[in-house]
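S.K.: Quick one: this structure, given as structure tokens, is what I'll be asking you about.
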Amino acid sequence: MDVTVRLAINGRVAELELDNRVTLLDAVRDHLDLTGTKKGCDQGACGACTVLLDGKRVVSCLVLAAQCDGREVTTVEGLGARGRRHPVQEAFVRHDAFQCGFCTSGQIMSAVALLDEGRAGSDEEVREFMSGNLCRCGAYPNIVAAIREVARVDGERR
Ligand code: FES
Ligand code: FES
């Protein structure tokens with residue numbers, strides 16, 4: 001059955017006619033051409049598809065697009081402002097926190113949420129609360145360093 005889904009996505013409104021079984025991940029990639037969000041396992045195990053739904057991180061392969069009607073979705077394309085990268089994106093570049101890059105948008109979205117949740121107080125805490133985001137290239141030490149740097153800068157600003 002087709003349904004109408006209205007999403008507030010990356011600051012604009014998109015109206016889609018979709019089969020009610022379409023996931024948020026497929027809606028974003030295949031219907032909105034926002035291909036920064038990656039499909040790894042398609043079963044909630046890798047975190048590559050992480051996006052923000054009403055500001056909270058979700059694995060978009062386990063969310064139906066129809067559940068998101070009227071809600072706010074942010075993908076990696078929606079980070080940053082006025083042509084500038086988000087501080088987490090900058091830190092990932094500075095710390096070389098990726099190799100092939102396949103997991104990176106999911107890592108970054110998860111990191112943005114983690115910082116917002118106040119769960120980046122130590123390396124151990126970052127590792128624990130980023131554990132749903134897998135990196136087959138093993139860039140974990142650099143990812144942790146990037147997130148901790150942003151957390152420190154945020155802490156100094158407060
Ligand atoms: Fe969604 Fe792996 S593609 S968790
Ligand atoms: Fe290759 Fe993480 S950078 S999977």
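FYI, it's all coordinate maths here, none of it is from the lab. Predicted model only: the values in this text are computed from it and were never measured. So basically every Cβ, Gly included, is an ideal-geometry build from the backbone, and we count neighbours across all protein chains shown.
S.K.: Taking a spot 7 Å from the Cα of ASP123 along the direction of its beta carbon, which residues of region 134-158 have an amide N less than 11 Å from it?
M.R.: Correct set: 141-142, 144-145.
S.K.: If you don't mind, another one. Would you grab the residues whose amide H sits under 5 Å from the one on VAL73? Only those 5+ places off in sequence or on another chain, please, with H modelled 1.01 Å from N.
M.R.: Residues meeting the criterion, in which the H sits 1.01 Å from N, are ALA8, ILE9, ASN10, ASP54.
S.K.: Order these peptides, 53-63, 118-128, by their mean beta-carbon neighbour count within 10 angstrom, highest first.
M.R.: Working: 53-63: 18.5, 118-128: 14.5.
In descending order of packing, they fall as 53-63, 118-128.
S.K.: Pull up the DSSP beta bridges for the chain and report the antiparallel fraction as a percent, rounded to 5. Let's see the in-between values first.
M.R.: Working: 16 of 18 bridges.
DSSP beta bridges in the chain are roughly 90 percent antiparallel.
S.K.: Would you mind classifying region 67-158 by shape? Square roots of the alpha carbon gyration tensor eigenvalues, ordered a ≥ b ≥ c; an a/c under 1.5 is rounded, otherwise it is prolate if a/b is larger than b/c and oblate if not. Let's see the in-between values first.
M.R.: Values: a/c = 1.33, a/b = 1.18, b/c = 1.13.
Since a/c stays below 1.5, the shape of region 67-158 is classed as rounded.
S.K.: Amide H to amide H under 5 Å from VAL3: which residues, 5+ apart in sequence or cross-chain, H placed 1.01 Å off N in plane?
M.R.: Answer set, sorted by chain and number: LEU18, ASP19, ASN20.
S.K.: Enumerate the calculated ³J(HN,Hα) couplings along region 13-30 in order (Karplus 6.51 cos²θ - 1.76 cosθ + 1.60, θ = phi - 60°), each rounded to whole Hz, writing x wherever the residue is Gly or Pro.
M.R.: Rounded to whole hertz, the list is 9, 10, 10, 10, 9, 9, 4, 5, 9, 6, 7, 4, 4, 5, 4, 5, 6, 8.
S.K.: Give me the number: length gained by fully extending ARG84 to ASP154, i.e. 0.36 nm times residue separation minus the C-alpha to C-alpha distance, one decimal in nm. Write out the running numbers ahead of the final one.
M.R.: Working: separation 70, 0.36 × 70 = 25.20 nm, distance 1.77 nm.
That pair, ARG84 and ASP154, stretches by 23.4 nm at full extension.
S.K.: In whole percent, what relative contact order does the chain give with Cα contacts below 8 Å and a gap of six or more residues?
M.R.: Numbers: 281 pairs, mean separation 36.1, N = 158.
Relative contact order here is 23 percent.
S.K.: Moving to a separate point now. Where does helix 104-117 land angle-wise versus the long Cα axis of the chain, in degrees 0 to 90, nearest 10?
M.R.: 70 degrees
S.K.: Fewest Cβ neighbours within 10 Å first, please rank PHE102, PHE92 accordingly. List each step's numbers first, then the result.
M.R.: On the way: PHE102 17, PHE92 26.
Result, fewest neighbours first: PHE102, PHE92.
S.K.: Calculate how steeply helix 140-157 sits against the longest principal axis of the alpha-carbon atoms of the chain, using the helix alpha-carbon long axis, and give the answer as 0 to 90 degrees to the nearest 10.
M.R.: It is inclined by approximately 80 degrees.
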